[in-house]
Amino acid sequence: MLAGHAMSPLGLRRLALPSALLSLLVAVGCGGDSSGGTAAPTRFRFPGNDPDGTRFVRDVVFHVDDDGKPADGLISQIFCTNFEGKGFPQCYGDHDGSDFLLVGGFPAMDAGSTEVLAAADGVVEVAEDGHYDHCHISLAALDSGGISCDGNPIVPNKVYIRHRDGIVSHYLHLMKDSIVVSEGQKVGCGQKLGMVGSSGRSSTPHVHFEVHAADEALIDPFAGPYSQPESYWVEQVGPFGLPAPTCQ
Ligand SMILES: [Zn+2]
């Protein structure tokens, strides 16, 4: 083993560093934070601005479908299992994110009431804007999954943020021309990204929040018997059952 390292000057230098110095370097960190160092996994705050606790629906959140079975067609969308084993309407088939619905629907959205916020510190990887934002349910649009964007392409306005441990968070369906961050920009937890909208495959104004691991595997941020034992929220059960607006 030592012979192997001796083949590489870099390996030798690594071996030669006293462990105390290594610990110091880790503690000071390269882009790490003062609370947990670089090793602390990313944990998220609630991705909406809800200072008075009245802006998002509390009793129904469309969660990630954790049943592992593909949904095929409109009817099978109701077959799903969320993190705690509940079915529709606490999830729907093949859903990859958590949907937080805006109270008051389109009138509230048009009043420009509610901001979408970065759920943790990171760097903006995708910021895409300019798409129609009043998409809605339409029984006449069965061939596009029951969603109509009134003749416009079904494309969401969206932001993706990469966090320090490689985890990526997605924020979908934002209001047209509301996104205030750009690709490559550093953002802090709680910073405004844009406004809640209904662009893309969206039946009503809401935030679709989705999490992927560094290897792109989908993560359900809610802990439970059908997801994983540890929550990716700073506080999973906040007031009225939504994750807390507390930054890491
Ligand atoms: Zn969604």
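The values are calculated or read from the model by the stated rules, or taken from the named source; none is laboratory data. Every value quoted in this text rests on a predicted model; they were computed, and no experiment measured them. As a convention, Cβ positions derive from the backbone with ideal geometry for all residues, glycine included, and neighbour counts pool all protein chains shown.
Within the stretch 83-104, take every residue that is outside any loop (DSSP other than H, G, I, E, B) and either within 12 Å of the ligand (Cβ to nearest atom) or touching a Leu at 6+ places or on another chain (Cβ under 9 Å) (or both) and give me the one that is modelled with the lowest pLDDT.
Step one: list which residues in the stretch 83-104 are outside any loop (DSSP other than H, G, I, E, B), which gives 91, 98-102.
Of the ones still in play, those that are also either within 12 Å of the ligand (Cβ to nearest atom) or touching a Leu at 6+ places or on another chain (Cβ under 9 Å) (or both) are 91, 98-101.
Numbers: 91: 92, 98: 96, 99: 97, 100: 97, 101: 97.
Applying the filter and picking the extreme gives 91.
From the list 196, 234, pick out the single residue that is of a type outside the set (S, T, N, Q) and away from the ligand (no atom under 16 Å from the Cβ).
234
Please determine, by comparing only the residues of the stretch 67-82 that are crowded, with 17+ Cβ neighbours inside 10 Å and either among the aromatic types (Phe, Trp, Tyr) or assigned to a helix (DSSP H, G or I) (or both), which one is farthest from the ligand (Cβ to nearest atom).
If we take residues in the stretch 67-82 being crowded, with 17+ Cβ neighbours inside 10 Å and either among the aromatic types (Phe, Trp, Tyr) or assigned to a helix (DSSP H, G or I) (or both), then 79 is farthest from the ligand (Cβ to nearest atom).
Using beta carbons and a limit of 6 Å, which pairs, at least six apart or on different chains, have the first residue in the stretch 149-173 and under 15 Å from residue 98 (Cα atoms) and the second one more than 15 Å from the ligand (Cβ to nearest atom) and at pLDDT below 95?
Between residues of the stretch 149-173 that are under 15 Å from residue 98 (Cα atoms) and residues that are more than 15 Å from the ligand (Cβ to nearest atom) and at pLDDT below 95, there is no close pair.
Within the stretch 138-156, does at least one residue satisfy the condition of being in contact with a Leu (Cβ under 9 Å, 6 or more places away or on another chain) and either among the aromatic types (Phe, Trp, Tyr) or at pLDDT 95 or above (or both)?
Checking the stretch 138-156: at least one residue is in contact with a Leu (Cβ under 9 Å, 6 or more places away or on another chain) and either among the aromatic types (Phe, Trp, Tyr) or at pLDDT 95 or above (or both).
Which is within 13 Å of the ligand (Cβ to nearest atom) and under 20 Å from residue 64 (Cα atoms), of 170, 212? Explain how you work it out, then say what you get.
On the way: 212 fails: within 13 Å of the ligand (Cβ to nearest atom).
Within the list 170, 212, the selection yields 170.
Taking residue 140, is it out of contact with any helix residue (DSSP H, G or I) (no Cβ under 8 Å at 6 or more places or on another chain) and either in a strand (DSSP E or B) or away from the ligand (no atom under 16 Å from the Cβ) (or both)? Even if it seems obvious, please write down each step before you answer.
Numbers: out of contact with any helix residue (DSSP H, G or I) (no Cβ under 8 Å at 6 or more places or on another chain): yes; either in a strand (DSSP E or B) or away from the ligand (no atom under 16 Å from the Cβ) (or both): yes.
So residue 140 passes the test.
Which ones in the stretch 105-137 are out of contact with any Phe, Trp or Tyr (no Cβ under 9 Å at 6 or more places or on another chain), farther than 30 Å from residue 72 by Cα and in a strand (DSSP E or B)?
115, 122, 123
Give just the number: which of (1) among the small types (Gly, Ala, Ser); (2) over 20 Å from the mean Cα position of the chain (by Cα); (3) within 14 Å of residue 209 (Cβ to Cβ) does residue 130 not satisfy?
Condition (3) is where residue 130 drops out.
Taking the options 237, 211, 196, name whichever one is more than 16 Å from the chain's Cα centre (by Cα) and in the same structural domain as residue 113 (by TED's automatic domain parsing). Talk me through it step by step, then tell me what you get.
Details: 211 fails: more than 16 Å from the chain's Cα centre (by Cα); 196 fails: more than 16 Å from the chain's Cα centre (by Cα).
Testing whether each residue is more than 16 Å from the chain's Cα centre (by Cα) and in the same structural domain as residue 113 (by TED's automatic domain parsing) leaves just 237.
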